[in-house]
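Structure first, commentary second.
The values are calculated or read from the model by the stated rules, or taken from the named source; none is laboratory data. Since we're looking at a predicted model, the values are computed, not measured. Cβ coordinates were reconstructed from backbone atoms using ideal geometry, including for glycine residues, and neighbour counts include every protein chain displayed. The area values use the complete protein model at the heavy-atom level, side chains included, leaving out ligands, DNA and RNA. Shrake-Rupley method; radii C 1.70, N 1.55, O 1.52, S 1.80 Å.
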Amino acid sequence: MGYYTVEGGRKIGGEYTVHGSKNAVLPILAATLLAADEVVLENCPLISDFYASLEILKSLGCSVVLEGNTVTVDSVHISSCEIPEEQVSCMRSSILYLGALLGRKKEAKLGHPGGCVIGKRPIDLHLRAFEKMGVEITEKDNIFFCKSPKLLGYDIYLEFPSVGATENILLLAVKAEGTTVIHNAAREPEIIWLAKFLRACGAEIYGEGSPTIMIEGVRKLHGAYFSIPFDRIEAGTFLCASAITGGEIYLYGAEKQYMESTLEILDQMGCGQRADENGIFLQAPKRILSDFTLRTGPYPAFPTDMQPLMMSLLTLGKGTCMISETVFEARFRHVNELCKMGADIRMQGQNAAVFGVEKLYAAEVVGTDLRGTAALLLASLAAEGKSIVHGAEYMERGYEKIEDVLTSLGGKVHLIS
Ligand code: EPZ
């Protein structure tokens with residue numbers, strides 16, 4: 001368990017190259033199980049969730065070779081269909097190995113996934129879709145035993161455009177017999193990038209990025225060479241780090257077309273910004289404007305992962321912002337900790353009213369999930385004095401050495417393990 005010491009009141013700015021996307025590489029690593037031969041993925045983020053996924057692939061019998069941030073995976077000799085409990089419980093995206101293993105081996109055994117404490121995060125949408133496609137699922141002591149003697153394409157209607165369920169159905173459908181159509185599919189860029197990877201392996205997928213995705217099952221998928229696209233939440237995090245400290249920053253590799261809703265909010269806050277073919281530039285205003293409402297939702301709405309980060313920014317706004325968190329039912333765990341730093345936030349159910357204050361003050365605060373801890377780190381950058389932010393183990397799941405990056409951008413942040 002590690003924590004950060006942060007000397008606040010220093011501008012964060014300069015130039016930074018955004019890493020590969022955590023939420024793109026995790027499903028793509030699961031998808032490598034479907035390829036009959038070698039897959040090479042470059043621009044991988046060297047974060048703990050990435051390393052945990054490599055361990056899952058190795059425990060299944062895959063050969064995994066990591067050189068720098070390029071990984072080569074060969075799943076030709078898969079020897080197991082079981083994802084050990086300890087690996088499942090630490091990472092939500094391990095549920096995606098269910099679809100990949102069933103697509104490859106027609107059987108799978110794994111426990112209920114864990115993940116951040118931002119909500120109960122059930123997997124009913126995944127399992128209901130799987131059963132419609134011919135998967136026999138039995139659950140005993142929170143372990144799922146799945147068999148799919150015959151995988152058949154099916155018309156799946158998702159009650160909610162779940163990212164994980166859409167990804168899992170894609171992984172199952174690409175080698176199912178016949179046609180699968182996912183209605184009310186998630187439209188996140190990570191879905192588009194997973195479909196692009198699967199297509200590079202020979203899958204037949206149409207409509208990704210729209211609410212309706214059609215998949216024609218194929219008998220075999222071959223290997224591919226693929227570069228992991230940029231992490232739009234990491235990019236948003238560093239835009240907010242600069243905005244909250246009155247700095248200006250240029251992010252190489254950030255693509256405006258996948259960040260429209262985040263950039264729109266930053267524009268409403270009065271941040272100057274410019275996008276070109278190489279990246280995005282942001283300049284903080286003298287004081288952030290915050291008289292508006294902010295509502296999270298499935299893409300292309302404002303992303304729930306950016307909600308904690310934006311909330312930190314809004315605590316110093318000129319005005320009052322009403323935030324509605326519509327995606328997860330417990331994603332305000334950072335609020336009380338922000339109030340310890342002088343923020344004025346009042347919660348009611350899925351809503352939080354953020355009354356802007358002039359200053360934040362250094363404090364010792366505790367993060368309990370990835371983006372919530374990132375929000376506390378951002379607030380500590382703006383707070384006067386030296387803060388202590390607990391929760392480094394969460395940060396390392398989604399950000400590569402953020403203490404070094406923020407220090408290189410003008411901050412004074414140290415990790416104490
Ligand atoms: C993915 O989680 C991301 N994780 C999350 O990022 C992100 O917040 C989320 O999508 C929404 O964009 C990864 O990609 C690894 P969902 P996922 O299924 O797939 C409910 C981060 O910080 N639901 O779209 O779990 C669920 O409870 C993480 O990087 C069901 O009810 O998200 C939630 O309320 C946090 N039944 C809502 O849907 C199901 O079967 C959205 O979940 C599945 C989901």
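Quick check: is even one residue across region 269-287 within 22 Å of the chain's Cα centre (by Cα) and farther than 16 Å from Val18 by Cα? It would help to see each step written out before you state the result.
Looking only at region 269-287, we keep the residues that are within 22 Å of the chain's Cα centre (by Cα), and these are 279-280.
Those left that are additionally farther than 16 Å from Val18 by Cα: none.
Taking every residue of region 269-287 in turn, none turns out to be within 22 Å of the chain's Cα centre (by Cα) and farther than 16 Å from Val18 by Cα.
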Out of curiosity, is Thr32 assigned to a strand (DSSP E or B) and surrounded by 15 or more Cβ atoms within 10 Å (Cβ to Cβ)?
no
Could you check, for region 120-128, whether at least one of its residues is open to solvent by 10 Å² or more (accessible area, probe 1.4 Å), within 11 Å of the ligand (Cβ to nearest atom), touching a Lys or Arg at 6+ places or on another chain (Cβ under 8 Å) and on the phi > 0 side of the Ramachandran plot?
yes
Does region 245-268 contain any residue that is more than 16 Å from the ligand (Cβ to nearest atom), assigned to a helix (DSSP H, G or I), touching a residue at least 24 places away in the same chain (Cβ under 8 Å) and over 23 Å from the mean Cα position of the chain (by Cα)?
yes
Among the residues of region 297-311, are any out of contact with any His (no Cβ under 8 Å at 6 or more places or on another chain), without any contact (Cβ under 8 Å) to a residue 60 or more places away in the chain and under 19 Å from Leu406 (Cβ atoms)?
no
Please verify whether Leu34 is among the hydrophobic types (A, V, I, L, M, F, W, C), at pLDDT 95 or above and within 16 Å of the ligand (Cβ to nearest atom), treating the condition exactly as stated.
no
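Scan region 139-168 residue by residue and report those that are within 16 Å of the ligand (Cβ to nearest atom), out of contact with any His (no Cβ under 6 Å at 6 or more places or on another chain) and of a type in the set (Gly, Ala, Ser). Quick ask: steps written out before the conclusion?
Filtering region 139-168 for residues within 16 Å of the ligand (Cβ to nearest atom) gives 139, 142, 144, 146, 156-168.
Filter again for out of contact with any His (no Cβ under 6 Å at 6 or more places or on another chain), leaving 139, 144, 146, 156, 158-164, 166-167.
Listed by number, the residues that qualify are Ser162, Gly164.
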Report yes if some residue within region 45-61 is over 20 Å from Lys106 (Cβ atoms), buried (at least 17 other Cβ atoms within 10 Å of the Cβ) and either of a type in the set (Lys, Arg) or touching a His at 6+ places or on another chain (Cβ under 7 Å) (or both); otherwise report no.
yes
Being without any contact (Cβ under 8 Å) to a residue 24 or more places away in the chain, open to solvent by 30 Å² or more (accessible area, probe 1.4 Å) and more than 12 Å from the ligand (Cβ to nearest atom) is true for just one of Glu136, Glu85. Which residue is that?
Glu136
Can you find a residue that is of a type in the set (S, T, N, Q) and farther than 22 Å from Gly398 by Cβ anywhere in region 89-111?
no
Would it be correct to say that Ala352 is part of a strand (DSSP E or B) and under 25 Å from the mean Cα position of the chain (by Cα)?
yes
Residue hits (region 62-82; within 24 Å of Lys147 (Cβ to Cβ), open to solvent by 30 Å² or more (accessible area, probe 1.4 Å) and in contact (Cβ under 8 Å) with a residue 24 or more places away in the chain) are Val76, Glu82
Residue identified as crowded, with 24+ Cβ neighbours inside 10 Å and in contact (Cβ under 8 Å) with a residue 40 or more places away in the chain among Ala224, Ala241
Ala241
Filtered residue count, region 317-349, keeping only those that are open to solvent by 20 Å² or more (accessible area, probe 1.4 Å), in a loop (DSSP other than H, G, I, E, B) and away from the ligand (no atom under 12 Å from the Cβ):
5
